[in-house]
1. Label-point separation (nm) for ILE17 and ASP75, each offset 7 Å from Cα along Cα-to-Cβ?
2. Just need log10 I(q)/I(0) for the chain at q = 0.11, 0.12, 0.17, 0.27 Å⁻¹, Debye formula, equal scatterers on the alpha-carbon atoms, no solvent, rounded to two decimals.
3. Where in the chain are the DSSP H helices whose alpha-carbon span along the long axis reaches 18 Å or more and whose Kyte-Doolittle mean is at least 0.0?
4. Going through the chain, which trypsin sites (Lys or Arg not before Pro) have at most 12 other Cβ atoms within 10 Å and a DSSP loop state?
5. Which chymotrypsin sites (Phe, Trp or Tyr not before Pro) in the chain pass both tests, a DSSP loop state and at most 12 other beta-carbon atoms within 10 Å?
6. Can you give the extra length, in nm with one decimal, that the chain gains between ILE9 and ASP49 once fully stretched, where that is 0.36 nm per residue apart less the Cα-Cα distance?
7. By the scheme Lys and Arg +1, Asp and Glu -1, what is the net charge of all other residues having a beta-carbon under 14 Å from that of HIS33?
Amino acid sequence: MKIKVFDHIAFMQRQIIEALTCPVNRDWTRREHKCDDWELWRNPDWLIDHYIRNGGAEAFAKHRADFFREIEIPDYEI
């Protein structure tokens, strides 16, 4: 039997990668904290916080359907 499951680990990992690497998020976080890339490297939570507070997580939620996977569940006879 096949069922669809939500891959929450992949969903969260992809969102974190986007928050940490998105050039727009990085630029605006640098401006907000008046810092350079080294400070962002030391404080990655600033990037994640900025991403969430400014709509990145909400926009990313539109991709939720992309993270459903079909998996095979073996049928067992009792």
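Every number in this text was worked out from the coordinates using simple rules, so none of it is lab data. The shown structure was predicted, so the numbers you read here are calculated from the model rather than taken from an experiment. When we count neighbours, we look across all protein chains shown, and the Cβ atoms used for this are built from the backbone with ideal geometry, even at glycine.
1. So the label points at ILE17 and ASP75 sit 3.7 nm apart.
2. Each listed q maps to, in turn, -0.40, -0.45, -0.69, -1.20.
3. Values: long enough: 8-21 (20 Å, 0.48).
Span-like helices, by this rule, are 8-21.
4. Working: sites: LYS2, LYS4, ARG14, ARG26, ARG30, ARG31, LYS34, ARG42, ARG53, LYS62, ARG64, ARG69; in loops: LYS34.
Within the chain, the qualifying trypsin sites (Lys or Arg not before Pro) (loop, at most 12 other Cβ atoms within 10 Å) are LYS34.
5. Details: sites: PHE6, PHE11, TRP28, TRP38, TRP41, TRP46, TYR51, PHE60, PHE67, PHE68, TYR76; in loops: TYR76.
The qualifying sites are TYR76.
6. Working: separation 40, 0.36 × 40 = 14.40 nm, distance 1.90 nm.
Residue separation times 0.36 nm, minus the Cα-Cα distance, leaves 12.5 nm.
7. On the way: positive: ARG26, ARG30, ARG31, LYS34, ARG42, ARG53; negative: ASP27, GLU32, ASP36, ASP37, GLU39, ASP45, ASP49.
In short, -1.
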